[in-house]
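Undergrad: Mind having a look at this structure? Questions to follow.
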Amino acid sequence: MSQTRREALKTMAAGTAGITIGALGFSAKSYANIMGANERINMAVIGIRGQGFGHIRRWAGLAEEQNIRVSTICDVDKRLFKKRIATCKELQGAKPKTAVDMRTVFEDNDIDAISVATPNHWHALATIWACQAGKHVYVEKPCSHNLFEGRKMVEAARKYDRIVQVGFQNRSINNVRAAMQFIHNGGIGEVYMAKGLCYKARGSFGQAENSQAPKEVDFNLWLGPASLRPYNEKKFHYNWHWHWDTGNGDIGNQGPHQFDIARWGMNKQEHPVKIFSSGGYFAFKGQCSQETPNTQTANYEYADGKIIQFEVRGLPTNGEANTGVKIGNLFYGTKGWLEVNGSKWQSYLGQKNEPGPGSESQTNQADSGPSLGYLAAPGGGGHYRNFLSAIRSGTGEALTCDIEEGYMSTVLPLLGNISYRLGRPLMFDGGKERFFNDSEADAMLRRRYREPFVVPEEV
């Protein structure tokens, strides 16, 4: 970067208007990491099938507007490359390189940032390795497969001064931000309870015998930190969500989005002290290899007695609240209640449930300054733009969902699953991130890693 461009950056307001470098609070270290507004950001996408294909389309679709390029795509399944390469070429005018082993991506000095859309059990190690290699990271939810590795992700981001954004896209949606602002301003009084809903009907995906992995798949790399086991097609693409060694069930799949909104609305920056979850796998017993429940409830109590509830319904069901919410949130306060249904929200006040402010009347209320100007409706790319803006500003303060926020919300479904699997209530010491006098539960805060895919104690 030329000296002239460095000087110009001193008056760049997180990519928009004139705030001095001192006002932005950059340290000397973070200022040294600022990327100029005119410099191209080279992105690598790791994990390119389902959500990862969405990442490719989003980043490549922003190529001209944001001056970025998907320079590398990485996956253990070579069968995916042809279509993804063609999509990149169509959207950004250039073909990406390909890689099977993410470690070769981290060795590439031309790559500035990575986008992680692997199965859950790879999120932490991919992020930590990337930070150690000097890359910024956008990582899908849940940010980690267990609590231990989530905390190590936070430590790695801080130690290596990297921008790490978690894919809780609701944080960058104007209407959702407006709902949170309304709640925080006392719109429904003191909020004493929040509820998250994940009502997604899912059928049986069946069973299969163990077999040889397809020749185009590096199954050892796919397992990575997970236990060594034979290949099984019903435990591979997408179905990994429903097996404990690689996924976290629907409470840890769709659930993290609604947990994040619930915790955000409740203004909880600490962990709960009491957790209890129960449920089961109903309707398809003996027909499916699924291990995680398709019906699950979880309750979390905080030190002040306030409550977060969560419910998974994976079988046919009604919706909740006035608009039949199935994927969303409910908030209950001393003056009324509020529903969030996708990007729409509505409040109801008093004993007669009279309609109060909602998304139709307060659209874009959360746009409080130029730094929020890139926020958009779902699928509009606001969360991705926010990540790029933070990279160019050189400070994680610009992020709408920094790794610490993402970790705090990810902890909730992880704790719920420990209670579910043990079949009993748990008491949690949030300061130590350990359970009270419960070695059996403590053992489930982390996993046994498989060399060389080890999340280290010291990142």
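Undergrad: For segment 227-362, take the convex hull of the Cα atoms, compute a quarter of its surface area, and give me that in nm², please.
TA: Directional mean of the projected Cα hull area for segment 227-362 stands at 10.9 nm².
Undergrad: Let me know the volume per residue of the alpha-carbon convex hull for the chain, in Å³.
TA: That works out to 149 Å³ per residue.
Undergrad: Rounded to a whole number of µm²/s, how large is the Stokes-Einstein D of segment 312-365 at 4 °C and 1.567 mPa s, given Rh as the Kirkwood radius over C-alpha pairs?
TA: Using the Kirkwood radius from Cα pairs, D works out to 108 µm²/s.
Undergrad: Let me ask something additional. Going by average Cβ neighbours within 10 Å, how do the peptides 116-122, 328-334, 42-48, 448-454 rank, with the highest at the top?
TA: Most protected by this proxy first, the peptides run 42-48, 116-122, 328-334, 448-454.
Undergrad: Still on this structure: Per DSSP H run of n ≥ 4, the term is -39500 (n - 2.57); total these for the chain, divide by its residue number, and report the mean residue ellipticity at 222 nm rounded to 500 deg cm²/dmol.
TA: One gets -8500 deg cm²/dmol as the mean residue ellipticity at 222 nm.
Undergrad: Calculate the radius of gyration of the Cα atoms of segment 202-271 to one decimal place, then report Dmax, the largest Cα-Cα distance, as a whole number, both in Å.
TA: Computed over the Cα atoms of segment 202-271, radius of gyration and Dmax are 16.2, 49 Å.
Undergrad: Quote the charge dipole size of the chain about the Cα centre in Debye, to the nearest 20; the model charges only the Cβ of Lys and Arg (+1) and of Asp and Glu (-1).
TA: In debye, rounded to 20, the chain gives about 800.
Undergrad: Residue farthest toward the positive end of the dipole of the chain, with Cβ of Lys/Arg at +1 and Asp/Glu at -1: which of 299, 109, 386?
TA: Selected residue: 109.
Undergrad: Then there is this: If you take the Cα Rg of segment 72-153 and divide it by 2.2 N^0.38 Å, with N the number of residues, what do you get?
TA: Cα-based Rg divided by the globular estimate yields 1.14.
Undergrad: Under a straight-distance cross-link criterion of Cα-Cα below 16 Å, which lysines are reachable from residue 141, leaving out those fewer than 8 residues away in the same chain?
TA: 152
Undergrad: Quick one: which of 159/306; 195/268; 83/234 span more than 25 angstrom between C-alpha atoms?
TA: Long pairs (Cα-Cα over 25 Å): 159/306.
Undergrad: Charges only on Cβ, +1 for Lys and Arg, -1 for Asp and Glu: so what's the dipole of segment 171-293 about the Cα centre, in debye to the nearest 20?
TA: 300
Undergrad: Ranked from highest to lowest mean number of other Cβ atoms within 10 Å per residue, what is the order of the peptides 239-252, 425-438?
TA: 239-252, 425-438
Undergrad: Separate question: Would you work out the charge dipole size for segment 129-235 about its Cα centre, treating the Cβ of every Lys and Arg as +1 and the Cβ of every Asp and Glu as -1, and quote it to the nearest 20 debye?
TA: For segment 129-235, the charge dipole is close to 160 debye.
Read-outs: derived from the displayed coordinates by stated rules, not from any lab. The model shown is predicted, which means the values in this text are computed figures rather than measured ones. Neighbour counts run over all protein chains shown; Cβ positions are idealised from the backbone, glycine included.
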